[in-house]
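For reference, the structure is listed below as structure tokens.
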Amino acid sequence: MTTTSRIPQRPLGAAGPTTSALGLGCMGMSDLYGPADEAESIATVHAALDAGITLLDTGDFYGMGHNELLIHDALRGRDRASVQISVKFGAQRAPDGQWLGYDASPAATKTALAYTLRRLRTDYVDVYRPARLDPSVPIEETVGAIADLVKAGHVRHIGLSEVGADSLRRAAAVHPISDLQIEYSLLSRSIEAEILPTARELGIGVTAYGVLSRGLLSGHWDNGRALAGSDFRGHSPRFQGDNLAHNLDLVEALRAVAEQRGASVAQVAIAWVASRGEDIVPLVGARRRDRLAEALGALDVALTPADLAAIEAAVPAGSAAGDRYAAAQMAHLDSEH
């Protein structure tokens, strides 16, 4: 498939900005997926921007600030107004990277943004969102604090991440919410039951992460792949033993569909998420230019009803083996969707 040179635009919810129909998730350039090449990461951001991607997604805890610093370096000399930067905050981490919980109190929210603005060397972020719910802080208080930052001009739009339908409603009652960032892929479809309909009712867009299920749906994974100790997939239930073997069988079924379309497995998986609605913007986590080029080719894959039926038959809803996260991590989710 050839790379699309002009990327279509999509509104990020009724209250949000207009962005490219595909966003670049930058987490893996700094953290959680093992070592990454910084020069290649920056070159990949440049290639994404040159191709027409305008949405860059990060978190202040990705590499404990490293990812924001990397994005700053990648954007040096670029027109800041032509890029939307989405930032997650709230995750607390120790110097050794250990996860310590979440803090989305109003004071912590405003402090975190102050550090983010300094690392990014910008006056504002386009979308600011808590990474998870803080169980000790009502969502209304967190959203209210970000609303103060909107009024002050430091934040353009308020987003949420990994929350359930009730939290969406409570947050939207305080301030318009641009989008919900949440995992959505052929292997993770539980948002379709309640969360996605609620978001649509409220005019909230979706930025879908994990569209390749952390590499499972890339078409490049195999059962014997060795993982670095810093790669959290080494502890993910979907990448373990019989679960992995079952999930890779699903990938092979999807590969047969992709080959019929003259596309790669990854391109069909991304195109499927994009086909779910104009209010959904898939995030691709490419760390290298070749993987980015492949992901961009998904924009050339127009899935027909017959294609969608074949994809559904190859990877039925609920067919993935294993949870998205280990049990300890699931405790931090607002709703085990």
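The values are calculated or read from the model by the stated rules, or taken from the named source; none is laboratory data. What you are looking at is a predicted structure, and each value in this text was computed from that prediction instead of being measured. Because the Cβ atoms are built from the backbone with ideal geometry, glycine has one as well, and the counts that use them run over all protein chains shown. Just the protein is used for accessible areas: all its heavy atoms, side chains included, with ligands, DNA and RNA removed. Shrake-Rupley method; radii C 1.70, N 1.55, O 1.52, S 1.80 Å.
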| Which of Y124, V265, V284 sits farthest toward the positive end of the charge dipole of the chain, with +1 on the Cβ of Lys and Arg and -1 on the Cβ of Asp and Glu? | Y124
| Which labelled figure in (1) 20.0; (2) 15.3; (3) 37.2 is mean projected area of the Cα convex hull in nm², once derived from the coordinates | (2)
| Mean Cα-pair separation over length for the chain, i.e. relative contact order, pairs under 8 Å, 6 or more apart, % | 22
| Among S167, G297, L113, which residue has its Cα positioned farthest towards the positive end of the charge dipole of the chain, with +1 placed on the Cβ of Lys and Arg, -1 on the Cβ of Asp and Glu, and the dipole taken about the Cα centre? | L113
| remark: If every Lys and Arg gets +1 and every Asp and Glu gets -1 at its Cβ, then about the Cα centre the chain yields a dipole, in debye to the nearest 20, of 660
| request: Taking the Cα centre of segment 61-177 as origin, work out the dipole magnitude from +1 charges on Lys and Arg Cβ and -1 charges on Asp and Glu Cβ, in debye rounded to 20. | output: 320
| message | Through the Karplus equation 6.51 cos²θ - 1.76 cosθ + 1.60, θ set to phi - 60°, convert the phi angles of segment 197-210 into ³J(HN,Hα) values in whole Hz; use x for Gly and Pro. | response | x, 5, 4, 5, 4, 8, x, 9, x, 10, 9, 8, 9, x
| Which residues' amide hydrogens lie under 5 Å from the amide hydrogen of H157, considering only partners 5 or more residues apart or on another chain, with H built in the peptide plane? | V127, Y128
| request: Counting only heavy atoms of the protein chains, get the accessible area per residue of the chain (1.4 Å probe) and round it to a whole Å² value. | output: 40
| request: Please give, to one decimal in nm, the separation of the simple spin-label points placed at A81 and L32, each 7 Å out from Cα toward the Cβ. | output: 3.3
| said: Please report the net charge: other residues with Cβ closer than 11 Å to the Cβ of A286, K and R +1, D and E -1. | reply: +1
| query | Given labels modelled 7 Å from the Cα in the Cβ direction, how far is it in nm from E278 to R170? | reply | 3.3
| task | Could you look at segment 100-187 and say what percent of its accessible area is carbon and sulfur, using a 1.4 Å probe and all protein chains? | result | 50
| said: Over segment 1-115, what is the relative contact order in percent, taking alpha-carbon pairs closer than 8 angstrom and at least six residues apart? | reply: 21
| request: Set Lys and Arg Cβ to +1 and Asp and Glu Cβ to -1, take the dipole of the chain about its Cα centre, and tell me which of A74, G215, P176 lies farthest positive. | output: A74
| said: At a threshold of 8 angstrom on Cα-Cα distance, excluding pairs fewer than six apart, so keeping six or more, what relative contact order does segment 14-79 reach in percent? | reply: 40
